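Report on one structure; see the data block that follows.
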Amino acid sequence: MSNTEYVIINMYRFISSYMTIKAMHSCVMGTVMMAFVVLIRHINKRRVRTVDYYSLLLLFPMLFTGMSKLFFTRYGVYVYMCSSKIAGTVLSLIYLSVMLILLFIYVIRNRIHLSRIRRLEPMGPEYELLIGRAMDAVDLKHDFIKVGFYITDENVSPYSGGIIRHYVVMPAKEKTGVSENEYYIMLYHELVH
């Protein structure tokens, strides 16, 4: 085995151990946070909707709990020891391998989907009034928010997507069999997404 192969194998082992530890920490902390949110919602019993809504925002810090110093205190030492033992095994290598395969599949499928979207026909002038009305209602007049509107000849449900390049795909008006106002509501709904 050459020196380069040895370095690559050791780096892969280190990364898999590190990611497994962080994933286990996030799972433990996520479970604790979710239990806390469920408890708040149970006590509230849907009396105050804002409490239900804002309690769900407690889940956001869960994304960063893999780095929490809680696991280096005496209360988290058992979780840390357990995750460190598992991280050094073949399970961590399997975990990282599966995550990389899933990432690869996601990237490929996303590229295929976006290439299909780009081949669709953009909404023409006959849709401009509906688009303008929907964008005014959603308040998307800002220059930094660009939305691509596309028409498909397939009989599909309207859908939207994109994180950086937003898009809305609508079936042609004549394919839907709905009134102009109902079509506007569908377009508005997708813009809200």
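Beta carbons within 10 angstrom, averaged per residue: use that to sort the peptides 175-181, 45-51, highest first.
On the way: 175-181: 11.4, 45-51: 9.6.
The peptides rank, most packed first, as 175-181, 45-51.
Taking only protein heavy atoms and a 1.4 Å probe, what accessible area per residue, in Å², does segment 142-193 have with all protein chains in place?
Numbers: 3390 Å² over 52 residues.
For segment 142-193, the per-residue accessible area is 65 Å².
Quick one: pull the percent of accessible area on segment 99-193 belonging to carbon and sulfur, 1.4 Å probe, ligands and nucleic acids left out.
57
For PHE104, PHE149, write out the residues from largest to smallest accessible area, computed with a 1.4 angstrom probe and no ligands counted.
So the residues, ranked largest to smallest area, are PHE104, PHE149.
With a 1.4 Å probe and every protein chain left in place, tell me how much accessible area HIS42 has, in Å² to the nearest 10.
Here the accessible area works out near 120 Å².
Just to verify a number: what accessible area does HIS193 come out at with the full protein assembly present, 1.4 Å probe, Å² rounded to tens?
Solvent-accessible area, nearest 10 Å²: 140 Å².
Let me cross-check THR4: its accessible surface, 1.4 Å probe, with only protein heavy atoms counted, in Å² to the nearest 10?
90
Translational diffusion coefficient, Stokes-Einstein: compute it for segment 1-51 using the Kirkwood radius over C-alpha pairs as Rh, at 37 °C and 0.692 mPa s, and state it as an integer in µm² s⁻¹.
Result for D is 231 µm²/s.
Would you mind computing, in nm to one decimal, how far apart the modelled labels at TYR18 and GLU5 are, each placed 7 Å from Cα along Cα→Cβ?
2.4
Please compute P(r) over all alpha-carbon pairs of segment 97-188, binned at 10 Å starting from zero, and give each bin as a whole-number percent.
Answer for segment 97-188: a P(r) of 14, 43, 27, 12, 4, 0 percent.
As a test of reading the structure, rank TYR95, TYR184, TYR18, TYR106 by solvent-accessible area (1.4 Å probe, protein chains only), most first.
Of TYR95, TYR184, TYR18, TYR106, the descending order of accessible area is TYR106, TYR18, TYR95, TYR184.
Working out 0.36 nm times the residue gap between ASN110 and VAL156, then minus their Cα-Cα distance, what length gain in nm do you get to one decimal?
Taking ASN110 through VAL156 to full extension adds about 14.7 nm, to one decimal.
Take every DSSP beta bridge with both residues inside segment 111-193 and express the antiparallel ones as a percent of the total, to the nearest 5.
45
The values are calculated or read from the model by the stated rules, or taken from the named source; none is laboratory data. Remember, predicted model here, so these are calculated numbers, not experimental data. Note that each Cβ is placed from the backbone with ideal geometry, even for glycine, and that neighbours are counted across all protein chains shown. Each accessible area value is taken on the protein alone, full model and side chains, heavy atoms only, with ligands, DNA and RNA left out. Shrake-Rupley method; radii C 1.70, N 1.55, O 1.52, S 1.80 Å.
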